[in-house]
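Visitor: I'd like to ask you about the structure that follows.
Throughout, read-outs are computed from the coordinates displayed, never taken from laboratory work. None of the values given here were measured: they were computed from a predicted structure. Cβ placement follows ideal geometry from the backbone for every residue including glycine, while neighbour counts extend to all protein chains displayed.
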């Protein structure tokens, strides 16, 4: 009888522990979103350090290389790292966390920062709501179209072309292109991430370009 009681107790404790793990990995509600975002931000405050401000020159040097990269896969996937220039200067830090759900209906939270701006993607059922500096910008569809919050019209988009480039348009103008990472080991980890940039890119275009490129960059890490 004592053995059965102990076994029953262990099963209850194990069940409660498993339930707790599941609860922590469920997609956050609107109310819990800010708490989750703040937790990722506070964690990043401790390890990201100072980032080099981004100007057009730094964008041109943005690479696939990362410092402090961590990728964990278990019940869910988490990842974080700091993207650098080809000269190893830290310019963009990110933290990504997936929640329980089907792969085709991905639920995740992506928080990233540069020296000037904060980016948040709240991904629900594969569609992302984008926030820049705390303001909701719009929704990014699975096919890479960002539609503005107020108008519902496309304000930016990305696509994959035949050369395995990912051009990004803001309005109807291409402002830059993301190069998918090379499989050629001789090029190393710090090859350039962006193949083309508009010569006179302005701050708004730069923010939207980075926002769309960022989500694609992190997808490559966690896919």
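Visitor: How large is the translational diffusion coefficient of region 89-181 in µm² per second when you combine the Kirkwood radius over alpha carbon pairs with Stokes-Einstein at 25 °C and 0.890 mPa s?
Guide: 171
Visitor: Right, something else. Checking the a/c ratio against 1.5 first, then a/b against b/c, what shape does the Cα gyration tensor give for region 29-222?
Guide: rounded
Visitor: Once you keep just the Cα pairs under 8 angstrom separated by 6 or more residues, what percentage relative contact order results for region 29-222?
Guide: Computed value for region 29-222: 16 percent relative contact order.
Visitor: Between residue 55 and residue 71, how many nm apart are label points set 7 Å from Cα along the C-beta direction?
Guide: 3.4
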